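In what follows, a structure is listed as structure tokens, so that the remarks can point back to it.
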Amino acid sequence: MSVILLLAWLFVRKYSGVLSNAQSLETFGLLMGWGSGINYHLSRLPQLWHNHKRNSVEGLSLAMFTIIFAANGSYAASLISMLPVAGPGFLHRSASYIYGPVGSIFIDVFVLIQFISLRKVRTSPSSSESALP
């Protein structure tokens, strides 16, 4: 995250003579929003890979992912529902904030698929013999 913060800061400093102070702050905020969403989504990939390698979702809470899924869904829906009334610049200004929850929902779907498919593997009769204690 510190690399993205540094790049955003350097970008704003480079163009601070061209952009007004308000534009610089908005640009910095947009870059931070995108950086935050990208970092958050990249942080989920090791969990997906770890589940795949272990062929297990042991330790993951289905309730937690369900609540996170619902929270991200309602947040994304609230932002998207504002598109018709918020004006033409709203989508540009809030795209990174829409990307965050929608991308999280997308990744959480894969976690839920793993949870369902690996749960079946763990409870099937043939896999119970090879399961680790």
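We did not get these values from a lab; they are worked out from the coordinates using the rules stated. If you're wondering where the values come from, they're calculated on a predicted model, not measured in any experiment. Glycine gets a Cβ as well: all are built from the backbone with ideal geometry, and neighbour counts include every protein chain shown.
A compact table of results
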quantity	calculated
Extension gain from residue 52 to residue 32, taking 0.36 nm per residue of separation minus the Cα-Cα distance	4.1 nm
Whole-Hz ³J(HN,Hα) from phi, Karplus 6.51 cos²θ - 1.76 cosθ + 1.60, for segment 96-106, glycine and proline x	5, 7, 6, 4, x, x, 5, x, 5, 4, 4
Nearest-0.05 FRET efficiency for residue 116 and residue 41, computed from C-beta distance (R0 22 Å)	0.55
Cβ-Cβ FRET estimate between residue 25 and residue 78, R0 fixed at 22 Å, reported to 0.05	0.40
